[in-house]
1. Suppose every K and R has +1 on its Cβ and every D and E has -1 on its Cβ; what is the size of the dipole of segment 5-99 about the Cα centre, in Debye to the nearest 20?
2. On the first, second and third principal axes, largest extent first, how far apart are the outermost C-alpha atoms of the chain in Å?
3. Taking the beta-carbon count within 10 Å as an exposure proxy, list Tyr38, Tyr72 from fewest neighbours to most.
4. Hydropathy first: keep DSSP H helices in the chain averaging at least -0.5 on Kyte-Doolittle, then drop any whose Cα extent along the axis falls short of 30 Å, and list what survives.
Amino acid sequence: MHHPTDCNLLWDAARKSVELLCNLFESLELGGWRKARYWKRKIRRAMRACEKLARAGGANKAERVAMSAQEYVEAARRLEEKVRGDIEELKSHVLSKTQLGRR
């Protein structure tokens, strides 16, 4: 992971994914994103920890940065799994409304 660009890009993608899906699910009156703030906070904390270690010095810096980056990526992957599943749910929901002639 290249600091700070990759960290920021991953954070922006995660943040926007959560915000957009949360808004879509709310507008369609579906549940599933009540933990939107939790997800954003979790990803942001992982990003900040990674950035902090990248700026700091000390013994085994490269190893600590690599571990922190791995944790950050893993948190983003867990969010990605949820987002992919919810997008599939959203697709089927939108299709059923379209088939019924409602918008």
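Coordinate-derived values only; no laboratory data. Keep in mind that this is a model prediction, so the values were computed, not measured. Here Cβ is always computed from backbone atoms with ideal geometry, including for glycine, and neighbour counts include all displayed protein chains.
1. Values: 21 positive and 14 negative charges, 97 e Å.
Using only the charged Cβ atoms, the result is roughly 460 debye.
2. Computed over the Cα atoms, the extents are 63, 18, 18 Å.
3. Working: Tyr38 10, Tyr72 24.
Fewest to most other Cβ atoms nearby, the residues stand as Tyr38, Tyr72.
4. Values: long enough: 5-27 (33 Å, 0.09); 61-99 (56 Å, -0.85).
For the chain, where a helix must reach 30 Å along its axis and average at least -0.5, the hits are 5-27.
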